[in-house]
1. With the requirement that a residue be surrounded by fewer than 21 Cβ atoms within 10 Å (Cβ to Cβ) and among the aromatic types (Phe, Trp, Tyr), what does the range 41-80 give you?
2. Within the range 34-58, which residues are free of Cβ contacts under 8 Å to residues at least 60 places away in the same chain, in a loop (DSSP other than H, G, I, E, B) and within 19 Å of the chain's Cα centre (by Cα)?
3. Search the range 15-33 for residues that are in contact (Cβ under 8 Å) with a residue 60 or more places away in the chain and pair each with any residue that is among the hydroxyl-bearing types (Ser, Thr, Tyr) and not in a helix (DSSP H, G or I) when their beta-carbon atoms are under 6 Å apart and the residues are at least 6 apart or on different chains.
4. Go through the residues of the range 72-91 one by one and say whether even a single one is at pLDDT below 95, not in a helix (DSSP H, G or I) and not hydrophobic (A, V, I, L, M, F, W, C).
5. May I ask you to list pairs of residues, at least six apart or on different chains, whose Cβ atoms are under 6 Å apart, with the first in the range 90-101 being in contact (Cβ under 8 Å) with a residue 40 or more places away in the chain and the second being exposed (fewer than 14 other Cβ atoms within 10 Å of the Cβ)?
6. Restricting attention to the range 85-143, and to residues there that are among the aromatic types (Phe, Trp, Tyr) and more than 23 Å from the chain's Cα centre (by Cα), which single residue is surrounded by the most Cβ atoms within 10 Å (Cβ to Cβ)?
7. Name the residue, out of Val120, Val169, Val111, that is in contact with a Ser or Thr (Cβ under 9 Å, 6 or more places away or on another chain), in a helix (DSSP H, G or I) and over 20 Å from Leu65 (Cα atoms).
8. Residue check: is Leu179 crowded, with 19+ Cβ neighbours inside 10 Å and not in a helix (DSSP H, G or I)?
Amino acid sequence: MITVHESGKEKPDTLERRNRKYWLLGLAGCALFGVGDWLLGYVDPQPVSEVFSVLKAGHGEGYALWKIALTLFLGTLGVPFMMAGCTGMAAIVTDEKKKTVLRHSMLLLPVGWLLIHFTVSCGIWGYAWNMQTGDPFQALRMAEDMMHMFQSTQIAADLLAAIPLILLVVYTLRNKTALKKSSLLFTPLLWMALFSAVKLVVPATPFTNGIDTFCMNAGMMIWFVYLLVKKI
């Protein structure tokens, strides 16, 4: 039951508990997505396609197809958790109109996340399945054809995921949130870029490739942990 002041507003301690619940749910959702990312990324990192950069040699013969099925299952399972966490982020915005805008736009992020998982997983599945039948040329052609087919979907998914995260940065820069500008050091976009850059400065290994595919969820998880520590 929500406790309120005589004015009808929630007490600060009630708000804090609710916010922490949302951010813990978001953290759980990112973890579910992240396990799938790792299953897709922890492979031999040798590239096999200029068209489909996520596709690696490790996705060929011997790659277990159950990993792709589990990736999609965990991603779908993680959507409601992540949606709660993302919409809960709007609590940091002090302007009511902008708070509503961020809350609604944040609903798009888990949808974009799942679409990215779906398109990438389908392409990897097409390659892995055909490689196990012993036809490398057909495997690569099918995977690249699927990426061409999903190109518009991937662009839309990237936009759905990027818009709310960019808004978060803009509102923080304009002092429209309860956080200082120094909080930008913990925002998801920054950490996504940093984790993704790991592959540019260290030797390519299954581990660094896994970090690269995990980078989006890693950035979100750092942000949720930061909010939990700040106790907004």
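The values are calculated or read from the model by the stated rules, or taken from the named source; none is laboratory data. Here the structure is a predicted model, which is why all the values come from computation and not from measurement. Heads up, the Cβs are rebuilt from the backbone with ideal geometry, glycines too, and the neighbour counts pull from every protein chain shown.
1. Within the range 41-80, Tyr42, Trp66, Phe73 meet the criteria.
2. The one that is free of Cβ contacts under 8 Å to residues at least 60 places away in the same chain, in a loop (DSSP other than H, G, I, E, B) and within 19 Å of the chain's Cα centre (by Cα): Ser53.
3. Pairs found: none.
4. Within the range 72-91, none of the residues are at pLDDT below 95, not in a helix (DSSP H, G or I) and not hydrophobic (A, V, I, L, M, F, W, C).
5. Pairs that qualify, where the first residue is in contact (Cβ under 8 Å) with a residue 40 or more places away in the chain and the partner is exposed (fewer than 14 other Cβ atoms within 10 Å of the Cβ), are Ile92/Ala178; Thr94/Ala178.
6. Filtering first and then ranking leaves Tyr127.
7. Val169
8. Judged against the criteria, Leu179 is a match.
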